[in-house]
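To keep things clear, I will list the structure first and then write my remarks on it.
The values are calculated or read from the model by the stated rules, or taken from the named source; none is laboratory data. Model, not experiment: these values are computed from the prediction. FYI the Cβ positions are ideal-geometry reconstructions off the backbone, even for glycines, and counts take in every protein chain you see.
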């Protein structure tokens, strides 16, 4: 039980690894309101449309949807798609800012999870794939699946 409590995934952005070559990943804390963390713990979070940007030396997660927490009532609600501040070290922020201004590189949210009772966001520095690269990814995945099936059938 302790092992499952240390890291539990709440939301993943599966499309990100399909659309981007992820070069590096970083773990960032998220500054959330009470109703947001309660809703996120229920799994009512979506980061597929979200993106990360650096502004004035701070990292922000924009357009991630955390649904309203019904027991909070009308007065205790939060805006579902408000910008959320990410907590990173200064060196990491400077590095991410430098990488995001390079040619074709962007910062993409990959996964939201609970680690030791704290909400964390896994972000990746990636470069966008072209259509040819996406096709190659699909071909490699299908070939691997066929090899695994062949190995399983022979055993």
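Name the residue, out of 21, 26, that is within 21 Å of residue 128 (Cα to Cα), in contact with a helix residue (DSSP H, G or I) (Cβ under 7 Å, 6 or more places away or on another chain) and at pLDDT 90 or above. Of the residues listed, the single one that is within 21 Å of residue 128 (Cα to Cα), in contact with a helix residue (DSSP H, G or I) (Cβ under 7 Å, 6 or more places away or on another chain) and at pLDDT 90 or above is 26. The set of residues from the stretch 50-90 being at pLDDT below 80 and either exposed (fewer than 15 other Cβ atoms within 10 Å of the Cβ) or not in a loop (DSSP other than H, G, I, E, B) (or both) comprises 70, 72, 73, 74, 75, 76, 79. Only one of the listed residues (110, 96) is at pLDDT 90 or above and in a helix (DSSP H, G or I). That residue is 96. Inside the stretch 35-49, residues that are out of contact with any helix residue (DSSP H, G or I) (no Cβ under 8 Å at 6 or more places or on another chain) and part of a strand (DSSP E or B) make up a count of 1. Within the stretch 60-88, the set of residues being under 14 Å from the mean Cα position of the chain (by Cα) and in contact (Cβ under 8 Å) with a residue 60 or more places away in the chain comprises 61 only. When the residues of the stretch 37-49 are filtered to those that are surrounded by 15 or more Cβ atoms within 10 Å (Cβ to Cβ) and touching a strand residue (DSSP E or B) at 6+ places or on another chain (Cβ under 8 Å), the one that is nearest to residue 105 (Cα to Cα) is 47.
Scanning the stretch 133-154 turns up no residue that is under 18 Å from residue 10 (Cβ atoms), touching a strand residue (DSSP E or B) at 6+ places or on another chain (Cβ under 8 Å), touching a residue at least 12 places away in the same chain (Cβ under 8 Å) and surrounded by 10 or more Cβ atoms within 10 Å (Cβ to Cβ). Filtering the stretch 100-109 to residues that are more than 15 Å from residue 59 (Cα to Cα) and either in contact with a strand residue (DSSP E or B) (Cβ under 6 Å, 6 or more places away or on another chain) or buried (at least 18 other Cβ atoms within 10 Å of the Cβ) (or both) leaves 104, 105.
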